[in-house]
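Report on the following structure.
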Amino acid sequence: MIELGKKEAVLIIPDIHNNVGWVEEYLAKQKYDYVVFLGDYFDEFYDSVKDATEAAKWLKESLKKENRIHLWGNHDTSYFFPNLYECSGYSKEKEEGIKEILKTPEWMKLEGLVKVGNFILSHAGLREELYAHPITRKIDLHKINQNIKDSLLLHQAYYALAAGMARDGFCEFGGVTWLDWNKEFKPIEGMNQIVGHTVVKYPSEKKGPNSVNWNLDTKGSHVGKLINNQFEAIRINSKVVELINTEISNI
């Protein structure tokens, strides 16, 4: 598992879902030491094979840059390992297009977790009941990250990648790529987390005992920044916020 120091300036970009066009232009104007992508590079409503392959080409190039860290999202595992889960938006045609571009060595560069100072970053978050040692109650982050890599490499399902009942899965709680922010996420004492995965209108905070947690997935309207263990949500697209508000008000 990659660990970055608290003094590093780290940008955090949540779920992209094929919308890669703005990323390079935005990053070219920013000052940072590292950028962490929270996963879900693929799938969007009414997208095409071309959209998927363009996202795959961007990801292939982005993976070559040393100051970038890319995490697994549930929509990504469904294209590398379609027998595990097929997320909404998945299609065999998109899978074939993506696999023409991204090969196993490239997929294996993705991480399950990254630690930045006192914060743990993942696609959807950690639920204590899934990962804590039964006696010591400690959570071994390195073991979780390695088990995710081993599971994908060996094509053997591991519960850290499974969907919980809140997302129509069979597990009690979702794993690190599936945990639902609204229905399943629960702060872990002494652990700060930053996640994406569950769409919210604005960056959403949950506090617990000695714990602060943020969900950044505002459908492309915000990114995050971490430095000296201070988190900031940065608004980059007000039109998307307005769209999300309209969609939620119509539910």
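Structure notes:
- Of all residues in region 101-119, one or more are assigned to a helix (DSSP H, G or I), touching a residue at least 24 places away in the same chain (Cβ under 8 Å), surrounded by fewer than 20 Cβ atoms within 10 Å (Cβ to Cβ) and in contact with a Ser or Thr (Cβ under 7 Å, 6 or more places away or on another chain).
- Some residue of region 162-177 being open to solvent by 10 Å² or more (accessible area, probe 1.4 Å), under 28 Å from residue 19 (Cα atoms) and modelled with pLDDT of 90 or more: yes
- Residue 129 being in contact (Cβ under 8 Å) with a residue 24 or more places away in the chain, open to solvent by 20 Å² or more (accessible area, probe 1.4 Å), assigned to a helix (DSSP H, G or I) and within 19 Å of residue 50 (Cα to Cα): no
- Looking only at region 211-238, and only at residues there that are within 15 Å of residue 31 (Cα to Cα) and among the charged types (D, E, K, R), the one that is least open to solvent (accessible area, probe 1.4 Å): 225
- Count of region 42-72 residues which are over 14 Å from residue 109 (Cα atoms) and in a loop (DSSP other than H, G, I, E, B): 7
- Residue within region 7-20 that is open to solvent by 10 Å² or more (accessible area, probe 1.4 Å) and either touching a Cys at 6+ places or on another chain (Cβ under 8 Å) or among the aromatic types (Phe, Trp, Tyr) (or both) present: no
- Filter result for residue 79 (modelled with pLDDT of 95 or more and either hydroxyl-bearing (Ser, Thr, Tyr) or open to solvent by less than 10 Å² (accessible area, probe 1.4 Å) (or both)): no
- One residue stands out among those in region 73-100 that are part of a loop (DSSP other than H, G, I, E, B), closer than 25 Å to residue 12 by Cα and of a type outside the set (Ser, Thr, Tyr): the one that is farthest from the chain's Cα centre (by Cα), which is 89.
- Filter pass, residue 45 being within 17 Å of the chain's Cα centre (by Cα), within 18 Å of residue 97 (Cα to Cα) and modelled with pLDDT under 95: no
Condition check ((1) in contact with a His (Cβ under 7 Å, 6 or more places away or on another chain); (2) in contact (Cβ under 8 Å) with a residue 60 or more places away in the chain; (3) buried (at least 24 other Cβ atoms within 10 Å of the Cβ)) across all residues:
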position	(1), (2), (3)
28	no, no, no
37	yes, no, yes
40	yes, yes, yes
66	no, no, no
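- Being touching a helix residue (DSSP H, G or I) at 6+ places or on another chain (Cβ under 6 Å), at pLDDT 95 or above and either of a type outside the set (Asp, Glu) or not in a loop (DSSP other than H, G, I, E, B) (or both) is a property that residue 183 has.
- Considering only residues in region 186-209 that are of a type in the set (Val, Ile, Thr) and in a strand (DSSP E or B), the one that is surrounded by the most Cβ atoms within 10 Å (Cβ to Cβ) turns out to be 195.
- Taken over region 133-149, the residue count meeting the criterion of being farther than 20 Å from residue 163 by Cβ and open to solvent by less than 40 Å² (accessible area, probe 1.4 Å) is 2.
The values are calculated or read from the model by the stated rules, or taken from the named source; none is laboratory data. Since we're looking at a predicted model, the values are computed, not measured. Note that each Cβ is placed from the backbone with ideal geometry, even for glycine, and that neighbours are counted across all protein chains shown. With ligands, DNA and RNA removed, areas are computed over all heavy atoms of the protein, side chains included. Shrake-Rupley method; radii C 1.70, N 1.55, O 1.52, S 1.80 Å.
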